[in-house]
Amino acid sequence: MKNNKLTARNKRKSINLALWTAAWVLTIALVSFGYKFCYQSPVISIITISVNLLIGIGMIIANMKYLNGLDELQRKISLEAMGITLGVTLVVGLGYSMLDTTNVISNDAEISYLVIVMGLTYIVATVINNIKYK
Amino acid sequence: MKNRLKVLRAEKEMTQAQLAEETGVSRQTINAIEKGKFDPSLPLAFKISRLFGLPIEEIFEDES
């Protein structure tokens, strides 16, 4: 039952990646909201940001393990989606930044908008690729 | 790349899911290879060739 093994392995690695991602998001919330509502200490901020960075490294490793656990077509689909996401992020990110520096937009360019663009691009690219190779 | 995977699979009365199971890939991968949308890696092509007892060039055909 090699295919069942593949499915079980993918499931295990997906759960592992989801847990690391959830932990990373939680530490971001801890850094942002903790500073805003609980403490204003730079020392505690350095500690929480360090924890966030360490968990971020764990998340990257979990993502690499997830990718390596996929079969070759699934990996191709994911890598193509990541490539598209990287390109879109670079183009949109710099364009957005230029809108800010040239004062075309009144607000400061927020990195959170870029993260949303990245997430949506990755999802759309993955769905399109899955349809392409169906 | 053209291939005879669908014919060979039919001769062995094998489903895509069974072939996927034997070769350790997803059914989607087998389907994409059969439709010529995806070219398998060399290790996967060797696995398929061993499974059908045929040389790779009798299963896959270069279109270029």
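The values are calculated or read from the model by the stated rules, or taken from the named source; none is laboratory data. Worth saying up front: this structure is predicted, and the values here are computed from it rather than measured. When we count neighbours, we look across all protein chains shown, and the Cβ atoms used for this are built from the backbone with ideal geometry, even at glycine. Each accessible area value is taken on the protein alone, full model and side chains, heavy atoms only, with ligands, DNA and RNA left out. Shrake-Rupley method; radii C 1.70, N 1.55, O 1.52, S 1.80 Å.
Scan segment A:50-66 for residues that are among the hydrophobic types (A, V, I, L, M, F, W, C) and either within 14 Å of chain B (Cβ to nearest Cβ) or under 30 Å from B:K47 (Cβ atoms) (or both) and jot them down.
Correct list: A:I61, A:A62, A:M64.
Which one is most open to solvent (accessible area, probe 1.4 Å) among residues in segment B:22-64 that are in a loop (DSSP other than H, G, I, E, B) and more than 13 Å from chain A (Cβ to nearest Cβ)?
By that ranking, first place goes to B:S64.
A:S112: small (G, A, S) and not assigned by TED's automatic domain parsing to the domain that holds A:K5, yes or no?
yes
For segment B:1-21, name all the residues that are part of a loop (DSSP other than H, G, I, E, B) and under 18 Å from A:K134 (Cβ atoms).
Selection gives B:T15 alone.
Looking at segment A:36-60 only, could you name the residues that are closer than 30 Å to A:K11 by Cβ and open to solvent by 80 Å² or more (accessible area, probe 1.4 Å)?
Passing the criteria: A:L53, A:L54, A:I57, A:I60.
Which count do you get for residues in segment A:63-88 that are open to solvent by less than 70 Å² (accessible area, probe 1.4 Å) and over 23 Å from A:V124 (Cβ atoms)?
Adding up the residues that qualify gives 1.
Is there a residue being within 14 Å of chain B (Cβ to nearest Cβ) and of a type in the set (K, R) anywhere in segment A:67-77?
yes
Here are some residues: B:A20, B:A45. Which one is under 12 Å from the mean Cα position of the chain (by Cα) and under 19 Å from A:T7 (Cβ atoms)?
B:A20
Tell me, please, whether a residue that is in contact with a strand residue (DSSP E or B) (Cβ under 6 Å, 6 or more places away or on another chain) and surrounded by 15 or more Cβ atoms within 10 Å (Cβ to Cβ) can be found in segment B:6-19.
No, segment B:6-19 contains no residue that is in contact with a strand residue (DSSP E or B) (Cβ under 6 Å, 6 or more places away or on another chain) and surrounded by 15 or more Cβ atoms within 10 Å (Cβ to Cβ).
Take A:G93 and tell me if it is over 30 Å from B:N31 (Cβ atoms), of a type outside the set (S, T, N, Q) and crowded, with 16+ Cβ neighbours inside 10 Å.
yes
Any residue that is under 22 Å from the mean Cα position of the chain (by Cα) and either among the charged types (D, E, K, R) or closer than 30 Å to B:Q28 by Cβ (or both) - is there at least one of those in segment A:32-53?
No, segment A:32-53 contains no residue that is under 22 Å from the mean Cα position of the chain (by Cα) and either among the charged types (D, E, K, R) or closer than 30 Å to B:Q28 by Cβ (or both).
The conditions are (1) polar (S, T, N, Q); (2) in contact (Cβ under 8 Å) with a residue 12 or more places away in the chain; (3) under 21 Å from A:V25 (Cα atoms), and A:S112 fails exactly one of them. Which is it?
(2)
Can you pull out the residues in segment A:103-132 that are hydroxyl-bearing (S, T, Y) and open to solvent by less than 100 Å² (accessible area, probe 1.4 Å)?
A:S112, A:T121, A:Y122, A:T126
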